[in-house]
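Enquirer: One structure is given below, represented as structure tokens, and several questions about it will come after.
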Amino acid sequence: MSGVVVHLPRGSGGTDGGAPCGDPVTLRLGPGEVARFGRGSATVPVELRLADAAISRLAGEIRVSDDHWQLTNHSSTHSYLVENPEGAGEYLRVAPRRVGAPVPFEFSRVVLPTRGDVPVSFQVFAPDHVYLDPDAMGVPWGNHTVTAYSLDETATYFLVLVALCEPRLRDQSRVAVPTTPQIVERLRSHPACGALTARAVSSHIDYLADEKLRIGVLDDPAEHGRGERRNGKREEIVGLALRFGLVREEHLALLPPLTVARGRERQAER
């Protein structure tokens, strides 16, 4: 496991005067590393600052192990929820004073109780869940291999990947990779993506590039603008996914059916 990514979205860190506050924070933690969260103070530093009076100055911590991550709840009164946003309502409850609760989800949302209307939550991506090569199943354990790119075909990030690859899979041509708004529109009618936002799509693309496919694309900001870096990243994602057969024609069935109007747009683009 190469570590986890912890992300606090803008406005998810509590309220200040009744309005959502807090800049986005993204942390990358390797095995053995720890990130603490809570209200914090000059004497109690935290990596994730959560501004709500119901949250302790040191509310808890995330610790990364070799093959999973653990959540410790420092509160003596409040339980925390760890939700699986891409599952069928799965969650686990971390009781007060619980130390090192192992979290099994690949993508998690940690939710802390507050007295306000705005929930306080942050996301944790555990990128390197390892799956056995299905072609190797049934052979002696010592001969088992694992897949080079560990992708969960039931996850939202995989739908985003298929949507990125769709034009080239359908047209077999060097058409432009879809933009973020186009992906949002393409997935809008999918049952799991009705609330998918442009920000979420961008996060999934970054997750695919940085963690799942391990692509380092145009990392020097002195030489390339942000838009160019993102376009290059999308191109690299699609190129790698198609070259190695990570996304194939049969995966197009995961996407919502193409409308007649959209089909005509595809023909016009060719």
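None of the figures in this text is laboratory data; all of them are computed from the coordinates on show. Note that the structure is a prediction, hence the values are computed from the model and not measured. Virtual Cβ from ideal backbone geometry, glycine too; neighbours counted across all protein chains shown.
Enquirer: Roughly what would the spin-label model give for Arg188 and Asp171, points 7 Å off Cα along C-beta, in nm?
Expert: Those two pseudo-labels are separated by 2.1 nm.
Enquirer: Once the cut-off is 17 Å, how many percent of the Cα-Cα pairs in the range 75-127 end up in the long-distance tail?
Expert: 37
Enquirer: So for the pair Asp152, Ala42, with labels modelled 7 Å out along Cα→Cβ, what separation do we get in nm?
Expert: Modelled inter-label distance: 4.3 nm.
Enquirer: Considering the Cα positions of the range 29-104, please state its Rg to one decimal place and its Dmax as a whole number of Å.
Expert: Both quantities, over Cα of the range 29-104: 12.8, 41 Å.
Enquirer: Quick one: what do you get for the range 149-198 if you divide its Cα Rg by 2.2 N^0.38 Å?
Expert: 1.16
Enquirer: For a protection proxy built on the mean count of beta-carbon atoms within 10 angstrom, sort 54-67, 201-214 highest first, please.
Expert: 201-214, 54-67
Enquirer: Please work out how much length the chain gains when fully extended from Ser79 to Arg248, using 0.36 nm per residue of separation minus the C-alpha to C-alpha distance, in nm with one decimal.
Expert: Using 0.36 nm per residue and subtracting the Cα-Cα distance, I get 56.6 nm.
Enquirer: Could you give the nm distance between label points at Val111 and Tyr91, where each point is 7 Å from its Cα heading toward the beta carbon?
Expert: Once both label points are built, they end up 0.3 nm from each other.
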